[in-house]
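Only one structure is covered here, and it is reproduced in the block below.
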Amino acid sequence: MSPRRIAVVGASAAGLAAAEALRRFGWTGTLTLVGDEPHPPYDRPPLSKQLLQGAWQPDKLHLRAADQLDALGLDLRLGTRATGLDTATRTLTLDGGERLACDGVIVATGVAARTLPEAAGLDGVHTLRTLEDALALKERLSGTGGHRLVVVGNGVLGCEAAAVARELGHEVTLVGREALPMARTVGTEIGELLAAEHRERGVQLRIAAVDGFEADGDGPARQVTAVRLADGTRLPADTVLVAIGSEPAVGWLHGDPALDTTDGLRCDAYCAAAPGVYAAGDVARWQHPVHGRDLRVEHRMNATEQGMAAARNLLAELEEALEGDEALAPAAGRERRPFTPVPYFWSDQYGLKLQAYGVLAGADRSEATVVDPDSRKAVALYGRDGLATGVLAIGLPPRLVRGLRALIATPAPWEEAREGLRNALA
Ligand SMILES: Cc1cc2nc3c(=O)[nH]c(=O)nc-3n(C[C@H](O)[C@H](O)[C@H](O)COP(=O)(O)OP(=O)(O)OC[C@H]3O[C@@H](n4cnc5c(N)ncnc54)[C@H](O)[C@@H]3O)c2cc1C
């Protein structure tokens, strides 16, 4: 009989959290962790912050030290891509053609950066998702090749990179389709506050679609020289960062008819996509029982929390089938529970720290209170269908911010949450 095996696909924040939780919840069988990047698990948020600034070196990004990874007793396959999954037999295929029979699989393949087809083959046009991406952009920004950066995309990643580049002394233009920085996530009032901060720091803000690029040279050495906007404007550029969002990494799952891969891997409230197959992190779209709708959350904390939940629920599912099998040791707390987090994210731009709890996406109303316009201190409430679902704070004391979580932990009537927010600020 082949050894009992669980495979976790994706060796980053969610995959690592899942692997650790599988061990903690009693999995003693083979634990295969497959990751297509060559690196052991590392943290992505510092890529657009401390690493790009030059404050941190890559070794500070490791999520675990080598001995901590060793202690997990992993069958670790780095630099290896999963190319297919047959959910009926729980067989995972790897890029070398190897087929692994599994008792369970956790999909934690995250997302990949979207890019513009016109950027293909142009030197000086970057995306920012991986360590290599960040190092290449950092090298470019610290080189002697010119100081004009155009950031295409004014969502959170574009805003963070624009802030760092500006602090490094570059001329920065932030181009986006959103009327204000991050407006799709944070709404108009907070967007205006961010726009004011970026402008004051010297960033040029443009609302426009990108039509294409101009470049010098031939073949692979074609160097970008400008970004062309749909309104005919030409923005001279030495470097371009394309930060226009991401695509869930589900292409390798398309062959299995049991899986729904529309906007991520669709799961039930327990993070299960099919029997014995679970998903976690940026790639997972799951049914949040409290919010009553499917969510897919690209936040660092969610990756860890969902990795742990998927691992626990998978083992709870396997318990009956593996009763008495030594691959599954007794462990406390191994019951199946719906995954009901209060999502949390943060973003750092210049000295500003944005922190948000709950669900801001899909809000049909928002209301911001600017506590201090000069230092951009502010708080905002977000809601949908008469309920408050999310809250965001900029520059407020950590204790106060933590307290705001309770207002929306369970979606509350809008007026009640509004009153609670007023009291918290009083
Ligand atoms: C630059 C940057 C800054 C960020 N800043 C913040 C922030 O300030 N706050 C915040 O809350 N969040 C932030 N995030 C988001 C946060 O980093 C993600 O939510 C988190 O990394 C998600 O972890 P994950 O494990 O689900 O996915 P990922 O980190 O994307 O990892 C998925 C892994 O799976 C691998 N993979 C994909 N397909 C395959 C395959 N077929 N076979 C094998 N391996 C595969 C990928 O290469 C990758 O290594 C930031 C992200 C980026 C890129």
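The values are calculated or read from the model by the stated rules, or taken from the named source; none is laboratory data. Predicted model only: the values in this text are computed from it and were never measured. A quick note on method: Cβ atoms are made from the backbone with ideal geometry, for glycine too, and the neighbour counts reach across all protein chains shown. In case anyone asks, the SASA skips ligands and DNA or RNA and just uses the protein heavy atoms, side chains included. Shrake-Rupley method; radii C 1.70, N 1.55, O 1.52, S 1.80 Å.
Brief remarks on what is shown
- Size check on region 351-425: the Cα extents along the three principal axes, sorted descending, read 33, 21, 16 Å.
- The value given for the chain is a Kirkwood hydrodynamic radius of 22.9 Å, derived from the mean inverse Cα-Cα separation.
- Under the criterion of Cα pairs below 8 Å and six or more residues apart, the relative contact order for region 32-109 equals 32 percent.
- Rolling a 1.4 Å probe over the protein heavy atoms of the chain, with every protein chain left in place, gives an accessible area that is 49 percent carbon and sulfur.
- Listed by number, the DSSP H helices of the chain that run 18 Å or longer by alpha-carbon position along their axis and have mean Kyte hydropathy of at least -1.0 are 183-200, 300-321.
- Among the chymotrypsin sites (Phe, Trp or Tyr not before Pro) in region 1-66, those located in a DSSP loop and surrounded by at most 16 other Cβ atoms within 10 Å of their own Cβ are 56.
- For region 115-244, the solvent-accessible area with a 1.4 angstrom probe is 44 square angstrom per residue.
- Rounded to the nearest 20 debye, the dipole size of the chain about its Cα centre is 760 debye, using +1 on the Cβ of Lys and Arg and -1 on the Cβ of Asp and Glu.
- Dipole in debye (nearest 20) - region 351-425, about Cα centre, beta carbon charges: Lys, Arg +1; Asp, Glu -1: 340
- Point-to-point label distance, residue 230-residue 361, nm (Cα→Cβ direction, 7 Å offset): 2.3
- Spin-label zone in region 309-342 - amide nitrogen under 14 Å from a point set 7 Å from the Cα of residue 409 along the C-beta vector: 340-342
- Each Lys or Arg adds one and each Asp or Glu subtracts one; over the other residues with Cβ under 15 Å from the Cβ of residue 350, this totals +1.
- Per-residue accessible area (protein heavy atoms, 1.4 Å probe) orders 319, 415 as 415, 319, starting from the largest.
- Using a Förster distance of 35 Å, the FRET efficiency for residue 139-residue 263 (Cβ separation, nearest 0.05): 0.55
- Only one residue of 88, 254, 74 has its Cα farthest out toward the positive end of the dipole of the chain, where Lys and Arg carry +1 and Asp and Glu -1 on Cβ, and that residue is 74.
- 18 Å reach of a label modelled at residue 400, 7 Å along Cα-to-Cβ, counting backbone N of region 180-198: 190, 193-194
- Length gained on full extension, residue 209 to residue 316: 33.7 nm, using 0.36 nm per residue less the C-alpha separation.
- Taking a point 7 Å out from the Cα of residue 177 in the direction of its Cβ, the residues of region 335-369 whose backbone N falls within less than 20 Å of it are 361-364.
- The relative contact order of the chain comes to 16 percent, based on Cα pairs under 8 Å that sit 6 or more residues apart.
- Charge dipole of the chain about the Cα centre (unit charges at C-beta), most positive-ward option of 378, 210, 357: 378
- Taking each residue as 0.36 nm, the span from residue 147 to residue 221 lengthens on full extension beyond its C-alpha to C-alpha distance by 24.7 nm.
- Accessible area per residue, Å², region 351-425 with all protein chains present, probe 1.4 Å: 47
- Total charge dipole magnitude, region 277-413, about the Cα centre, Cβ charges on Lys, Arg, Asp, Glu only, Debye to nearest 20: 660
- Calculated FRET efficiency for the pair residue 353/residue 329, C-beta based, R₀ 41 Å, to 0.05: 0.45
- Estimated translational D of region 1-66 in µm²/s (Stokes, Kirkwood radius over Cα pairs; 20 °C; 1.002 mPa s): 161
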